[in-house]
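The values are calculated or read from the model by the stated rules, or taken from the named source; none is laboratory data. Quantities reported herein were computed from a predicted structural model and do not represent experimental measurements. FYI the Cβ positions are ideal-geometry reconstructions off the backbone, even for glycines, and counts take in every protein chain you see.
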Amino acid sequence: MALETLLKHVVIVGGGFAGVGCAQVLARSGKVRVTLIDQHNYHQFQPLFYQLASSELTPSDVGFSLRKIFRKLPNVDIKLAEVNAVEPKARSVSTKEGQHYQGDFLVLAAGAQANFFSTPGASANTFPLYSLIDAERLRSRILALFEDADRDAKLIDQGALNFVIVGGGATGTEMAGGLADMIHSTVTAEYEDLAVSSARIYLVERGPTLLAPFSARAHDYASNVLHRGGVILKLSTAVNEVHPGHVVLSDGTTLKTRCVIWGAGLKAAAIATGSGLPQGRGGRINVQPDLAVEGFPGVYALGDFANISGPDGKALPQLGSVAQQSGRWAAQNILADIEGRTRTPFHYKDKGIMAMIGKNAAIAEVGEHRHELDGVVAYSMWLGVHLALLTSLQVKIETFVDWVWDYFSRGRGPQLLDRSDAARINWHEDDTETEKPGAA
Ligand SMILES: Cc1cc2nc3c(=O)[nH]c(=O)nc-3n(C[C@H](O)[C@H](O)[C@H](O)COP(=O)(O)OP(=O)(O)OC[C@H]3O[C@@H](n4cnc5c(N)ncnc54)[C@H](O)[C@@H]3O)c2cc1C
């Protein structure tokens, strides 16, 4: 019998920070064989999606081939497939393509998806930013709007240059800053006939501040940077309805727009529903301190897919570093299971929180004591912490060079309008009969 069939088999769903971190530690131990299943053939670097959407970076800067990552680890078998059912008692999954994978251990690291909180029209009429494809679609929509308005200035009155970003967390704030940079640099320089000064970016946040987990100083810093970039902040305001050509806000205002960017919340990836596993806040799978799921021997849930408690009993945030560290920790606990050792409770090493609000404008609260930094120093911290999330030394070096070049050069990435599904805008759809007085 081949040696590898004697090894314990671990099935991992999801090649994000958690799944890749887990697979790398398991594979390097040489004690297991791993099947890593993902619906894409690449690992996605979500923290830079807003730069892809605002034409600053290219897809290859934020998506990395899973087969390349594991090329030197032959005990990891990559499968490109979409899991559509989880059978946790059997530690197995089924895929849309018709395969079935069963392991001695099942690791669920399928991440998250946009949560529209039942907002009417949001699912159909907004652009979420949770996958590389989302970011490409959004980039195409933004570019299409500039092109349409450049061709026909009358469309500006229909909201062609109004961008509404929902959610003032890190995703929304970074997207607002990136879009403002794009408008001030590329669009102003390259669209000679377009009334660029008509462009409006609205950032709508239900709570009273942007970047709620940060300090009051950071709230002010972010607001000031965005204000200087021309972003209109609508705090303590919710988006109540989204239509193909306008949104309705909780203060009664109607904003005409053909581009609503949804960064307002997350819930667990779809396969959590119906899995029979215990679900908590955001539909995420509740795990024990050792990251295993109670009542389901051999099943672990990690990263954005799981509710992982911190030392104060509160759930840890959905961050790349939490996901990566939980993946590596779960791998050690699986090896402990195999070797008959006791599993250990997950300890998260908190590196802090940070956000980039535009060129030369970042904020960071570093380490468990939240030492506050901003500007270029914060950008450098951001770079260091996020480079650590990358999967190999070669990728780290290549990406570092690309990021620094992009950051200091005045050019932008290719502004390709390559997603015709997102770029095609039906200007006759919606609006007039539903329009309310006071429209922008
Ligand atoms: C726009 C944005 C900006 C962010 N910025 C930061 C930041 O600056 N710093 C930070 O630390 N964190 C940031 N985050 C959060 C961070 O990216 C996530 O916490 C992290 O990616 C979670 O890792 P994960 O492995 O749990 O899930 P993911 O990275 O989401 O990976 C899940 C994987 O599962 C796959 N999958 C899902 N469903 C299926 C299925 N049915 N079948 C097969 N495969 C499936 C997906 O394709 C994906 O590859 C950001 C997130 C977003 C969206």
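Can you find a residue that is among the aromatic types (F, W, Y), touching a residue at least 60 places away in the same chain (Cβ under 8 Å) and closer than 30 Å to I183 by Cα anywhere in the stretch 82-103? Before the answer, list the steps.
In the first step, residues of the stretch 82-103 are kept if they are among the aromatic types (F, W, Y); the result is 101.
Pick out the ones that are also touching a residue at least 60 places away in the same chain (Cβ under 8 Å) and you get 101.
Next, from what is left, pick out any that are closer than 30 Å to I183 by Cα: none.
Taking every residue of the stretch 82-103 in turn, none turns out to be among the aromatic types (F, W, Y), touching a residue at least 60 places away in the same chain (Cβ under 8 Å) and closer than 30 Å to I183 by Cα.
List the residue pairs whose Cβ atoms are under 6 Å apart, where the first residue sits in the stretch 326-341 and is within 14 Å of A27 (Cα to Cα) and without any contact (Cβ under 8 Å) to a residue 40 or more places away in the chain, the second is of a type in the set (A, V, I, L, M, F, W, C) and crowded, with 19+ Cβ neighbours inside 10 Å, and the two are 6 or more positions apart or on different chains.
W329/F346
Per-residue answers, yes or no, for (1) modelled with pLDDT under 80; (2) in contact with a strand residue (DSSP E or B) (Cβ under 9 Å, 6 or more places away or on another chain); (3) under 26 Å from K68 (Cβ atoms); (4) crowded, with 19+ Cβ neighbours inside 10 Å:
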| site | (1), (2), (3), (4) |
| --- | --- |
| G295 | no, no, no, no |
| G298 | no, yes, no, yes |
| I334 | no, yes, yes, yes |
| I357 | no, yes, no, yes |
| A361 | no, yes, no, yes |
| M381 | no, yes, no, yes |
| L387 | no, no, yes, no |
| Q394 | yes, no, yes, no |
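When the residues of the stretch 396-416 are filtered to those that are outside any helix (DSSP H, G or I) and out of contact with any helix residue (DSSP H, G or I) (no Cβ under 8 Å at 6 or more places or on another chain), which remaining residue is modelled with the lowest pLDDT? Break it down into steps so the answer makes sense when it comes.
Kept after step one, since they are outside any helix (DSSP H, G or I), are these residues of the stretch 396-416: 409-416.
Still in the running and out of contact with any helix residue (DSSP H, G or I) (no Cβ under 8 Å at 6 or more places or on another chain): 409, 411, 414.
Details: S409: 67, G411: 63, P414: 73.
Ranking the candidates gives G411 first.
Could you pull out the residue among L302, L316 that is closer than 17 Å to F17 by Cβ, of a type outside the set (S, T, N, Q) and without any contact (Cβ under 8 Å) to a residue 40 or more places away in the chain? Break it down stepwise before answering.
Working: L302 fails: without any contact (Cβ under 8 Å) to a residue 40 or more places away in the chain.
After ruling out the rest, the residue left standing is L316.
Restricting attention to the stretch 93-105, report how many residues are within 14 Å of the ligand (Cβ to nearest atom) and surrounded by 15 or more Cβ atoms within 10 Å (Cβ to Cβ). Write out each step before concluding.
To start, the set of residues in the stretch 93-105 that are within 14 Å of the ligand (Cβ to nearest atom) comprises 93-101.
Applying the additional criterion that residues be surrounded by 15 or more Cβ atoms within 10 Å (Cβ to Cβ) yields 93-95, 101.
Qualifying residue count for the region: 4.
Go through (1) free of Cβ contacts under 8 Å to residues at least 12 places away in the same chain; (2) of a type in the set (D, E, K, R); (3) touching a His at 6+ places or on another chain (Cβ under 6 Å) and name the single condition K72 misses.
(3)
May I ask you to verify whether L36 is at pLDDT 95 or above, closer than 14 Å to L108 by Cβ and crowded, with 24+ Cβ neighbours inside 10 Å?
On the way: at pLDDT 95 or above: yes; closer than 14 Å to L108 by Cβ: yes; crowded, with 24+ Cβ neighbours inside 10 Å: yes.
Spelling it out, L36 is indeed at pLDDT 95 or above, closer than 14 Å to L108 by Cβ and crowded, with 24+ Cβ neighbours inside 10 Å.
Where residues in the stretch 26-37 are more than 14 Å from the ligand (Cβ to nearest atom) and not hydroxyl-bearing (S, T, Y), which of them is farthest from G63 (Cα to Cα)? So that I can check it myself, show each step before the final result.
To start, the set of residues in the stretch 26-37 that are more than 14 Å from the ligand (Cβ to nearest atom) comprises 26-34.
Filter again for not hydroxyl-bearing (S, T, Y), leaving 26-28, 30-34.
Details: L26: 23, A27: 22, R28: 23, G30: 27, K31: 29, V32: 27, R33: 25, V34: 22 Å.
Among residues in the stretch 26-37 that are more than 14 Å from the ligand (Cβ to nearest atom) and not hydroxyl-bearing (S, T, Y), the one farthest from G63 (Cα to Cα) is K31.
Can you name every residue in the stretch 351-370 that is within 18 Å of Q324 (Cα to Cα) and within 12 Å of the ligand (Cβ to nearest atom)?
Correct list: K351, G352, I353, M354.
The conditions are (1) surrounded by 17 or more Cβ atoms within 10 Å (Cβ to Cβ); (2) of a type in the set (D, E); (3) part of a loop (DSSP other than H, G, I, E, B), and D304 fails exactly one of them. Which is it?
D304 satisfies every listed condition except (3).
Pull up the stretch 39-85, narrow it to residues that are near the ligand (Cβ under 9 Å from one of its atoms) and of a type in the set (S, T, Y), then point me to the one that is surrounded by the most Cβ atoms within 10 Å (Cβ to Cβ).
Out of the qualifying residues, it is Y50.
Does A323 satisfy the criteria of being under 22 Å from the mean Cα position of the chain (by Cα) and either more than 11 Å from the ligand (Cβ to nearest atom) or part of a helix (DSSP H, G or I) (or both)?
Working: under 22 Å from the mean Cα position of the chain (by Cα): yes; either more than 11 Å from the ligand (Cβ to nearest atom) or part of a helix (DSSP H, G or I) (or both): yes.
Yes; evaluated as a whole, the condition is true for this residue.
Within the stretch 210-225, which residues are charged (D, E, K, R) and farther than 23 Å from H184 by Cα?
If we filter the stretch 210-225 for residues that are charged (D, E, K, R), which is where we start, we get 217, 220.
Within the stretch 210-225, just R217 meets the criteria.
Among the listed residues N307, N286, which satisfies the condition of being more than 10 Å from the ligand (Cβ to nearest atom), within 22 Å of the chain's Cα centre (by Cα) and closer than 14 Å to A109 by Cβ? I'd like the intermediate steps shown before the answer.
Details: N286 fails: closer than 14 Å to A109 by Cβ.
Criteria check complete, one pass: N307.
Here's the yes/no breakdown for (1) within 13 Å of the ligand (Cβ to nearest atom); (2) buried (at least 23 other Cβ atoms within 10 Å of the Cβ); (3) of a type outside the set (V, I, T); (4) not in a helix (DSSP H, G or I):
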{"position": "Y130", "(1), (2), (3), (4)": "yes, no, yes, yes"}
{"position": "R137", "(1), (2), (3), (4)": "no, no, yes, no"}
{"position": "F163", "(1), (2), (3), (4)": "no, yes, yes, yes"}
{"position": "A180", "(1), (2), (3), (4)": "no, yes, yes, no"}
{"position": "T186", "(1), (2), (3), (4)": "no, no, no, no"}
{"position": "A218", "(1), (2), (3), (4)": "no, yes, yes, no"}
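Answer yes or no as to whether Q113 is without any contact (Cβ under 8 Å) to a residue 40 or more places away in the chain and closer than 28 Å to N286 by Cα.
So Q113 fails the test.
Within the stretch 223-258, take every residue that is of a type in the set (A, V, I, L, M) and in a loop (DSSP other than H, G, I, E, B) and give me the one that is surrounded by the most Cβ atoms within 10 Å (Cβ to Cβ). Spell out how you get there, then give the answer.
Filtering the stretch 223-258 down to residues of a type in the set (A, V, I, L, M) leaves 225-226, 231-233, 235, 238-239, 242, 247-249, 255.
Okay, now just the ones that are also in a loop (DSSP other than H, G, I, E, B), so 235, 238.
On the way: L235: 15, A238: 17.
Per the criteria, the residue is A238.
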